[in-house]
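Down below is the structure, laid out as structure tokens.
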Amino acid sequence: MKSYRDLHVWQNGVEFIAEIYRATESFPAREQYGLTSQLRRSAVSIAANVAEGHARLSTREYLRFVSISLGSLAETETHITVARRLGYFDAKQESQLLGRCDALSRMLHGLSKSLRTKIRNQAEK
């Protein structure tokens, strides 16, 4: 794989960022520096850490950044849940966004498993 841009997890992550930005446009102005900002930043962090990890020189470093992406994903899920409880999302929006989070989680876990296997194989050589 030549570029992180070729990774489906990165591509889906970027699409998810756009969805989050659109979904938070209707949040109250008082949330601009609160939940809106936190939700957007955590969503951006998912794809950004995949890209940064891919650019690192070692597989072990890459795996660490994928782990950070998983943490950012959990943070994003939490923000989505809080937004629903505050009435900023309806149940359908929450379900759709959490469904996207589940798909990203599966992709990130798959990438993590692949990187761990690669590290094991390198150690055996």
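Here, each number is a calculation from the coordinates, and none is a lab measurement. Owing to the predicted nature of the structure, the values given are computational and were not obtained by experimental measurement. All Cβ positions, glycine included, derive from the backbone under ideal geometry; neighbour counts span all protein chains shown.
Quick notes on this one:
- Checking each residue in region 51-97 for being under 26 Å from ARG5 (Cβ atoms), within 13 Å of the chain's Cα centre (by Cα) and surrounded by fewer than 16 Cβ atoms within 10 Å (Cβ to Cβ) picks out SER67, GLY71, ALA74.
- Among residues of region 26-37 that are at negative phi, those with a beta-carbon under 6 Å from a residue that is assigned to a loop (DSSP other than H, G, I, E, B) and surrounded by 11 or more Cβ atoms within 10 Å (Cβ to Cβ) at least six positions away or on a different chain give the pairs PHE27/TYR88; THR36/PHE27.
- Of the residues making up region 111-125, not one is exposed (fewer than 14 other Cβ atoms within 10 Å of the Cβ) and under 21 Å from GLU19 (Cβ atoms).
- If you go through region 1-50 and keep only what is over 13 Å from the mean Cα position of the chain (by Cα), over 17 Å from TYR88 (Cα atoms) and of a type in the set (Phe, Trp, Tyr), you end up with just TYR4.
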